Amino acid sequence: MSMAIKYVGLDVSKSKIAVAFADEGRGEARYFGVIEHSKEAVLKLLQRLASSG
């Protein structure tokens, strides 16, 4: 079983979190967007990233 590795970058402030991710290798990082700074929003982000591979 092969595993896909994703690198996730988070820029955190008190009110929001900016998210970017990159696949393993030398590909460009892609801007995902801004999410609310809450536990629920982070869990939703993790579920979304896990479901996409």
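Dipole check for the stretch 6-51: with +1 at the C-beta of Lys and Arg, -1 at the C-beta of Asp and Glu, and the Cα centre as origin, the magnitude is about 120 Debye. Farthest towards the positive end of the charge dipole of the stretch 6-51, among the residues Leu10, Ala41, Ala29, is the Cα of Ala41, using unit charges on the Cβ of Lys, Arg, Asp and Glu.
The Val34 and Met3 beta-carbon pair, evaluated with R₀ = 30 Å, returns a calculated FRET efficiency of approximately 0.60.
Full extension of the chain between Leu46 and Ala20 gives 8.1 nm of extra length, using 0.36 nm per residue less the Cα-Cα distance. Computed from the Kirkwood radius of its Cα pairs, the Stokes-Einstein diffusion coefficient for the chain at 10 °C and 1.306 mPa s stands at 133 µm²/s.
Per-residue ellipticity at 222 nm computed for the chain from its helices equals -8000 deg cm²/dmol, with DSSP H segments shorter than 4 residues left out and the rest contributing -39,500 (n - 2.57).
Where a number appears in this text, it was derived from the coordinates with a stated rule and is not lab data. What you see is a predicted model; the values in this text were computed from it and never measured. Reconstructed Cβ throughout: ideal geometry from the backbone, glycine too, with neighbour counts over all protein chains shown.
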